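A.B. asks: Starting off with a structure, shown below.
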Amino acid sequence: GQQVMQIPQYQHVQEGEDFTTYCNSSTTLSNIQWYKQRPGGHPVFLIQLVKSGEVKKQKRLTFQFGEAKKNSSLHITATQTTDVGTYFCAGKKGANNLFFGTGTRLTVIP
Amino acid sequence: NAGVTQTPKFRVLKTGQSMTLLCAQDMNHEYMYWYRQDPGMGLRLIHYSVGEGTTAKGEVPDGYNVSRLKKQNFLLGLESAAPSQTSVYFCASSYSGGLETQYFGPGTRLLVL
């Protein structure tokens with residue numbers, strides 16, 4: 001079954017509004033990765049978080065890893081039409097493979 | 001470098017037919033993966049390989065077989081296709097299975113009638 005849950009499934013925002021997607025695991029993760037998939041495209045790696053409470057920024061994107069290493073979030077400030085796509089988190093437990101979340105599909109209305 | 005390539009890009013099969021999807025990477029990665037992507041289900045791991053000559057089952061392996069005869073290639077086979085196997089198939093590779101990122105191919109869209 002699904003081991004990494006992601007919410008919301010869909011999000012529509014006006015251009016310029018902020019956007020956040022959340023990722024939750026029932027067990028502790030060794031690390032978490034975030035990927036972006038443009039419509040009709042393939043997943044592309046964005047970032048990896050490893051440490052408890054870690055926060056990383058990429059321009060308008062802020063990624064957080066929870067203190068208990070069971071949850072993570074991606075926040076986009078002032079969305080642009082180029083942010084359109086599906087954002088996936090992917091959690092790893094020890095030496096096991098990545099478990100992808102169901103993704104959040106972001107639509108940005110100009 | 002081409003990165004990860006997949007062939008074919010699109011295929012239509014009839015129930016019961018067989019086919020092989022080919023994935024190739026030119027990054028000298030040890031690990032390769034096959035995922036399927038269905039609406040609302042995210043990416044689910046079918047099979048993976050940690051090196052030439054090795055394969056292992058993922059989350060949803062039933063109905064699929066794989067082979068890794070050469071380090072750069074990872075083949076996914078469907079011996080008897082079923083409508084439930086209609087999906088988009090992505091291949092990925094990574095240098096190792098630890099903290100390494102995965103690089104994805106462009107995908108193969110498969111329709112089983």
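The values are calculated or read from the model by the stated rules, or taken from the named source; none is laboratory data. In this text the structure is predicted, and so the values were computed from the model without any measurement. Neighbour counts are summed over all protein chains in view; Cβ atoms, including those assigned to glycine, are modelled from backbone coordinates with ideal geometry. When the accessible area is computed, the model is the full protein with side chains, heavy atoms only, and any ligands, DNA or RNA have been set aside. Shrake-Rupley method; radii C 1.70, N 1.55, O 1.52, S 1.80 Å.
A.B. asks: So, taking all protein chains as they sit and a 1.4 Å probe, how much accessible area belongs to B:TYR95, in Å² rounded to tens?
C.D. replies: 140
A.B. asks: Which one of A:ALA78, A:VAL108, A:VAL50 is farthest out on the positive end of the charge dipole of chain A, using unit charges on Cβ (Lys, Arg +1; Asp, Glu -1) and the Cα centre as origin?
C.D. replies: Of the options given, the answer is A:VAL50.
A.B. asks: In what order, largest first, do B:PHE90, A:PHE99, A:PHE45 sit by accessible area if the probe radius is 1.4 Å?
C.D. replies: A:PHE45, A:PHE99, B:PHE90
A.B. asks: Over all residues in B:35-48, what is the mean tally of Cβ atoms on other chains that come within 10 Å of each residue's Cβ?
C.D. replies: Going residue by residue through B:35-48 and averaging, the value is 4.
A.B. asks: For a label point 7 Å from the Cα of A:MET5 along Cα→C-beta, name the residues of segment A:26-63 whose backbone N is under 15 Å from it.
C.D. replies: A:26-28
A.B. asks: For A:LYS93, what residues show an amide H to amide H distance below 5 Å, using hydrogens built from the backbone and excluding near sequence neighbours?
C.D. replies: Amide H to amide H, under 5 Å and 5 or more residues apart or across chains, A:LYS93 pairs with A:SER30.
A.B. asks: To continue, here is another question. Kindly state, as a whole number, the per residue volume in cubic angstrom of the convex hull around the alpha carbon atoms of segment B:4-96.
C.D. replies: Numbers: hull volume 8.2 nm³, N = 93.
Enclosed volume per residue, from the Cα hull, is 88 Å³.
A.B. asks: While we're looking at this one, here's another question. Using +1 at the Cβ of each Lys and Arg and -1 at the Cβ of each Asp and Glu in segment B:4-96, identify which of B:MET41, B:PHE10, B:GLN85 lies farthest towards the dipole's positive end.
C.D. replies: In segment B:4-96, that residue is B:PHE10.
A.B. asks: Please give the contour-minus-distance gain from B:ASN1 to B:SER84: 0.36 nm per residue of separation, less the Cα-Cα distance, rounded to one decimal in nm.
C.D. replies: So the extension gain works out to 26.4 nm.
A.B. asks: Only protein chains counted, 1.4 angstrom probe. Which residues of segment B:66-113 are at least 50 Å² less accessible in the assembly than when their chain is isolated?
C.D. replies: B:LEU99, B:THR101, B:GLN102, B:PHE104
A.B. asks: Still on this structure, I have one more. How many Å² of accessible surface get buried when A and B come together, counting both sides, probe radius 1.4 Å, rounded to the nearest 100?
C.D. replies: Chains A and B together bury approximately 1600 Å².
A.B. asks: Hey, another quick one. Per-residue accessible area for A:ASP18 at 1.4 Å probe radius, Å² rounded to 10?
C.D. replies: 80
A.B. asks: Might you work out the accessible area of A:HIS75 for me, using a 1.4 Å probe with all protein chains in place, and round it to the nearest 10 Å²?
C.D. replies: Here the accessible area works out near 60 Å².
A.B. asks: Across 10 Å bins from 0, what is the distribution of all Cα-Cα pair distances for segment A:4-109, in whole percents?
C.D. replies: Reading upward from the zero bin: 16, 51, 28, 5, 0.
A.B. asks: If you don't mind, there's one more thing I want to ask. Using the Karplus curve 6.51 cos²θ - 1.76 cosθ + 1.60 with θ = phi - 60°, work out ³J(HN,Hα) for each residue of segment A:12-26 in order, rounded to whole Hz, and write x for Gly and Pro.
C.D. replies: 10, 9, 7, 4, x, 7, 8, 9, 9, 10, 10, 10, 9, 10, 7
A.B. asks: When the accessible area of chain B is computed with all protein chains present and a 1.4 Å probe, what percentage of it is carbon and sulfur?
C.D. replies: 53
A.B. asks: If you don't mind, another one. So what's the gap between the Cα centers of segment B:2-81 and segment A:37-105, to the nearest angstrom?
C.D. replies: What the calculation gives is 24 Å, centre to centre.
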